[in-house]
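Chemist: Sharing a structure, written as structure tokens. Questions coming.
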Amino acid sequence: MLPERKIIHVDMDAFYASVEQHDNPELRGKPIAVGGGQYGVVAAASYEARKFGVRSAMPGRLAQEKCPHLIVVKPRFQRYKEISQQIRKIFYDYTDLVEPLSLDEAYLDVTENKKGIESANDIAREIRQRIFEETGLTASAGISVNKFLAKVASDYNKPNGQKTIHPTQILEFMEELPIEKFYGIGKVTANRMHEMHIFKGADLKKKSLEELINLFGKSGNYYYNVVRGIHNSEVKPHRIQKSVAVEETFWENLLDEDSVFKQLQLISEELETRLGKKEIKGKSLTLKIKYKDFTQYTRSTTRENYFGDAEDFYKTARKLWELRPFDKPVRLLGLSLSNLNTQEKKQVSVQLKIPFEEFE
């Protein structure tokens, strides 16, 4: 039997939008969207905007239909990264077992912590207070015995709250949890489960392991375990980097190839910078294109030798671009390098310039 752990999941409240409201007092209390506009996609929405149904990954045009007085703010990713680093320094005052998921959330294993604080609930409360004092921003936290439960709990009392799921409460809590609240179950899967009359954890728990695997493939095993509070994944502070990516979502769509090539050059230079810091090289380069209509296209090439510098990335990216006709405006370009020389290298932290993707 695995030893019982104390895991905290810290999740900043409407992070990008909250940063903008903190830095610009005129925006406080108003519905704002970071990113979006007529042709873009919302990267984050303030809680005031969420009341109107505005959500991240929503097309900007739809967001403005839902909230006509929505204020659209241009993203400042360097600023968000700067504050994220401040927050992580706070985490490391309590434990070295920190697993960042993105700029605005992370898992912490505080089973043994640097402060010698017995209660994980007290640690979470202290961390949240320090975040507020040092950045002016609020965070929510979930506390339990594994990452899945901590993640679910952190969303329970948002914003600016926390929730502890004690070991004695796990089974009852999971049985009452709506299926769409399960971390890892998206809208498509939730709708499919609803059609099977699976609405809460208790309904899911009635299904055998064999039934769930037949219905959902490998995910069935995951669903069978988590509804019973079983999730053995450890907090992993160091992961081998499998790819390095740079993406740019444009405030205005690119309408001609000269603009595309200029952006590919800039992205190539940024990719070289990020790789150079850790002496990482790769053999596979992937070009990602997302168009105005949200259709997406990727094309990759792999070579026997490692790619060289920004000029090498750029020339290859142009060749990959030319494999597809330029027939509609472009809203996102990205380059990623994989097949890396990282077998013995530590994790490289990579901040994508667009911090969201559309899931199910």
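Chemist: Quick one: grab the alpha carbon gyration tensor of the range 34-138, order the square roots of its eigenvalues as a ≥ b ≥ c, and give me rounded if a/c is under 1.5, else prolate or oblate depending on whether a/b is larger than b/c.
Modeler: Note, shape of the range 34-138 comes out prolate.
Chemist: Let me ask something else about it. First select every other residue whose beta carbon is under 11 angstrom from the beta carbon of E48; then total the charges, Lys and Arg +1, Asp and Glu -1.
Modeler: So the environment of E48 carries a net charge of +4.
Chemist: Now, a different point. Looking at this model, which pairs from K6/K205; K66/K292; K51/K218; K66/K262 are more than 29 angstrom apart at the alpha-carbon?
Modeler: K51/K218; K66/K262
Chemist: Let me ask something else about it. Once the Cα atoms of helix 120-135 and of the chain are each reduced to a long axis, what angle between those two axes, in degrees from 0 to 90 to the nearest 10, is obtained?
Modeler: That works out to roughly 40 degrees.
Chemist: Counting other beta carbons within 10 Å of each Cβ, put F250, F182 in order, fewest first.
Modeler: Going from sparsest to densest Cβ surroundings: F250, F182.
Chemist: Compute the Kirkwood hydrodynamic radius of the range 243-340, taking the inverse of the mean of 1/r over all pairs of distinct Cα atoms, and give it in Å to one decimal.
Modeler: Computed over Cα pairs of the range 243-340, the Kirkwood hydrodynamic radius comes out at 13.4 Å.
Chemist: Follow-up. Taking the chain as the reference, fit the longest principal axis to its C-alpha atoms, fit the long axis of helix 310-321 to the helix C-alpha atoms, and give the angle between the two in degrees, 0 to 90, nearest 10.
Modeler: 90 degrees
Chemist: Continuing with this model, one more query. Among I280, I32, I131, which comes first, then next, by fewest other beta-carbon atoms within 10 Å?
Modeler: I280, I131, I32
Chemist: Taking percent of Cα pairs over 26 Å apart as the quantity of interest, determine which of (i) 53; (ii) 56; (iii) 59 was computed from the displayed structure.
Modeler: Only one listed value fits the structure, namely (iii).
Chemist: Hey, another quick one. What is the fewest-to-most order of E279, E257, E176 by other Cβ atoms lying within 10 Å of their Cβ?
Modeler: E279, E176, E257
Chemist: Restricting to DSSP H runs of at least four residues, report the calculated mean residue ellipticity at 222 nm for the chain, -39500 (n - 2.57) per run over all residues, nearest 500 deg cm²/dmol.
Modeler: -10500 deg cm²/dmol
Chemist: Between the alpha-carbon centers of the range 144-164 and the range 266-320, tell me the distance in whole angstrom.
Modeler: So the two Cα centres are separated by 38 Å.
Chemist: Per-residue HN-Hα couplings for the range 57-66, Karplus 6.51 cos²θ - 1.76 cosθ + 1.60 at θ = phi - 60°, whole Hz, x for Gly and Pro?
Modeler: So the J values, rounded to whole Hz, are 6, 8, x, x, 4, 5, 4, 6, 5, 6.
Every number in this text was worked out from the coordinates using simple rules, so none of it is lab data. The structure displayed is predicted, hence computed values, not measured ones. Using ideal geometry, Cβ is built from the backbone for each residue, glycine included, and neighbour counts are taken over all protein chains shown.
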